[in-house]
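Peer 1: Next up is a structure, given as C-alpha cells.
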Amino acid sequence: MRNAINRKLTIGLVCAGWLAWPTASLAQAPQAGFAALLEAARAHPGCLGVETGRTASGKQVIFAWFENKAALVAWYKSDAHQKAMKVAFPNRTFNREPLPDMPEDSGQILAIVSLRLNDGQAPEGAQLPIGTIGIELYTPLPGGVAVGGRFAPHAIRVPGLRDIDLGTAVGQTR
C-alpha cells in the first residue's frame with residue numbers, strides 16, 4: 001500500500017513537472033534590460049546566487065541571496081544597482097541609509113524583487129512603465145526538506161534542513 005502511494009505521488013509529480021515545463025522555461029528568461037543587472041549581482045562580492053522567474057500573475061521575479069547585511073548594503077550602493085534605480089526613477093534621489101532597522105549580524109538574506117510592467121505609459125517620474133515593484137527580505141528558518149536538490153544555492157545554511165537523495169526517496173539503492 002505504501003509503495004503504491006509513493007509510486008502514485010512520484011508519477012503525479014513527474015507529470016506535473018512535465019506539463020509545467022514549457023511555461024516555466026519560457027517564463028524564466030528575464031527581459032533584456034535586466035541581463036546586465038543580473039550579471040552584476042551574480043558577480044558582486046557576498047552575493048551567493050541569483051535566480052529569476054515569472055509568477056502566474058505576470059510578475060517578473062528576481063531571487064538574490066546575500067551572505068549578510070553588509071553584502072546586501074554594498075550591493076544596494078553599487079554602481080550597477082544605483083544605475084538601475086535611476087533608470088526606473090530618474091527624478092528620484094535615493095539618499096537614505098538602507099536597512100537601518102536590520103541588525104548587523106542578521107545572517108544570510110534572500111532578497112526577492114517582484115516587478116510588473118504595464119502595457120501603457122510610464123507613471124509620472126518613472127522611465128519604465130512600472131505597475132508594481134516590491135523588494136522583500138527573508139532569512140532562512142530552521143527545517144525543511146530537499147529531495148534531490150533545492151532552490152537556494154548550497155552556500156545558504158539552513159539549520160535542520162533534511163537533504164535526501166532522490167534515489168533514496170523513490171526506493172532505489174546505489
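The values are calculated or read from the model by the stated rules, or taken from the named source; none is laboratory data. Note that the coordinates shown come from a computational prediction; the quantities given were computed from them, not determined experimentally. With ideal geometry, Cβ positions are generated from the backbone for all residues, glycine too; neighbour counts draw on all protein chains shown.
Peer 1: Taking the condition at pLDDT below 95, of a type in the set (G, A, S) and either closer than 25 Å to E51 by Cα or not assigned by TED's automatic domain parsing to the domain that holds S57 (or both), does G171 pass? It would help to see each step written out before you state the result.
Peer 2: On the way: at pLDDT below 95: yes; of a type in the set (G, A, S): yes; either closer than 25 Å to E51 by Cα or not assigned by TED's automatic domain parsing to the domain that holds S57 (or both): yes.
Yes.
Peer 1: Could I ask something else about it? So M85 fits all but one of (1) touching a residue at least 40 places away in the same chain (Cβ under 8 Å); (2) in contact with a Lys or Arg (Cβ under 8 Å, 6 or more places away or on another chain); (3) within 19 Å of G131 (Cα to Cα); what number is the exception?
Peer 2: Going through the list (1) touching a residue at least 40 places away in the same chain (Cβ under 8 Å); (2) in contact with a Lys or Arg (Cβ under 8 Å, 6 or more places away or on another chain); (3) within 19 Å of G131 (Cα to Cα), M85 breaks only (1).
Peer 1: Then there is this: Which numbered condition trips up D105, out of (1) surrounded by 13 or more Cβ atoms within 10 Å (Cβ to Cβ); (2) assigned by TED's automatic domain parsing to the domain that holds R54; (3) not β-branched (V, I, T)?
Peer 2: All conditions are met except number (1).
Peer 1: I would also like to ask the following. Looking for whichever is polar (S, T, N, Q) and crowded, with 17+ Cβ neighbours inside 10 Å here; the options are Q60, Q82. Which one fits? First the steps, then the outcome.
Peer 2: Working: Q82 fails: crowded, with 17+ Cβ neighbours inside 10 Å.
Every option except Q60 fails the conditions.
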